[in-house]
1. Would you compute the Debye intensity of the range 143-190 from its alpha-carbon atoms alone, equal scatterers and no solvent, and pass along log10 I(q)/I(0) at q = 0.16, 0.17, 0.27 Å⁻¹ to two decimals?
2. Between HIS66, HIS101, HIS162, which gets the highest mean-square fluctuation from a Gaussian network model of the chain, Cα cutoff 10 Å?
3. Can you tell me the length gained on complete extension of the stretch TRP176 to LEU57, counting 0.36 nm per residue apart and subtracting the Cα distance?
4. Heavy atoms only, 1.4 Å probe, whole protein assembly: order VAL74, VAL85 by accessible area, highest first.
5. If you roll a 1.4 Å probe over the chain with all protein chains in place, what percent of the accessible area is carbon or sulfur?
6. Considering only LYS47, LYS29, LYS155, give the residue with the highest GNM mean-square fluctuation for the chain, with springs between Cα atoms whenever their separation is below 10 Å.
7. Pick from SER139, SER52, SER112: which residue has the top mean-square fluctuation in a GNM of the chain where Cα pairs under 10 Å get a spring?
8. Name the residues of the range 164-193 whose amide N is less than 18 Å from a point 7 angstrom out from the Cα of LYS98 along the C-beta direction?
Amino acid sequence: MNDIKEIEQFKKHNLFLVPLGKEKQPKSKPDVNGQYSWKYSDKVNKKLIEWSDQELLKAEGLGVSHQHSKIVDVDFDNPIAQEFVDCFPPTFSIGKKKITHLLYKVDEINKSFSYPKTSVAGGKVIELLTKTQTVLKHSDGSRKIFNDRAPLEAKYKDILQHVKMTALFTELHNVWPKPASERRDDAWLRLMGA
């Protein structure tokens, strides 16, 4: 069960909330054409579905719509990538045992970014999500809010640059010679020349 104070706090952060079901999927309602959607009641006119506080209170969890909140979500899928979370400006953050998601209010909603673009299950390193939803909390206790503040206002291109650099740092970490290796000095020299 959700808490009205928590819902009000999320709304103060200008987060467009979406009720979630047991499997963390957004709940949906019929739109003007009878099609079920969790985003629009009228897609042509971009009219959003409105969720009452009562519907949000009864839900198994709460998500936030990226587009409607004008936010992006930096999703750290890889444990090595998670080590670089402090390279990003501090903002609203959630995760499991560690921070795995950072939310930023951006000047424009652009394309999502995923590294690598395609991978087998568990192979993603980092993603910049722009047009879906992120789970804020769930009754299964799988999410924890680490920094409960309004998402920091930022430029999309700056956040994208941080995401791409984190992908690079993660790849370098995976191939970098170990401290006792004779190849370590050579690797540093090559990197400085790059």
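1. Taken in order of the listed q values, log10 I(q)/I(0) reads -0.69, -0.73, -1.01.
2. HIS162
3. Net length gain for the segment: 38.0 nm.
4. Working: VAL74 0, VAL85 25 Å².
Largest to smallest exposure gives the sequence VAL85, VAL74.
5. Here it works out to 52 percent.
6. LYS47
7. Residue with maximal mean-square fluctuation among SER139, SER52, SER112: SER52.
8. Only 164-176 pass the distance filter.
The values are calculated or read from the model by the stated rules, or taken from the named source; none is laboratory data. What you see is a predicted model; the values in this text were computed from it and never measured. Methodologically, a virtual Cβ is constructed for each residue, glycine included, from the backbone with ideal geometry; neighbour enumeration extends over all protein chains shown. Each accessible area value is taken on the protein alone, full model and side chains, heavy atoms only, with ligands, DNA and RNA left out. Shrake-Rupley method; radii C 1.70, N 1.55, O 1.52, S 1.80 Å.
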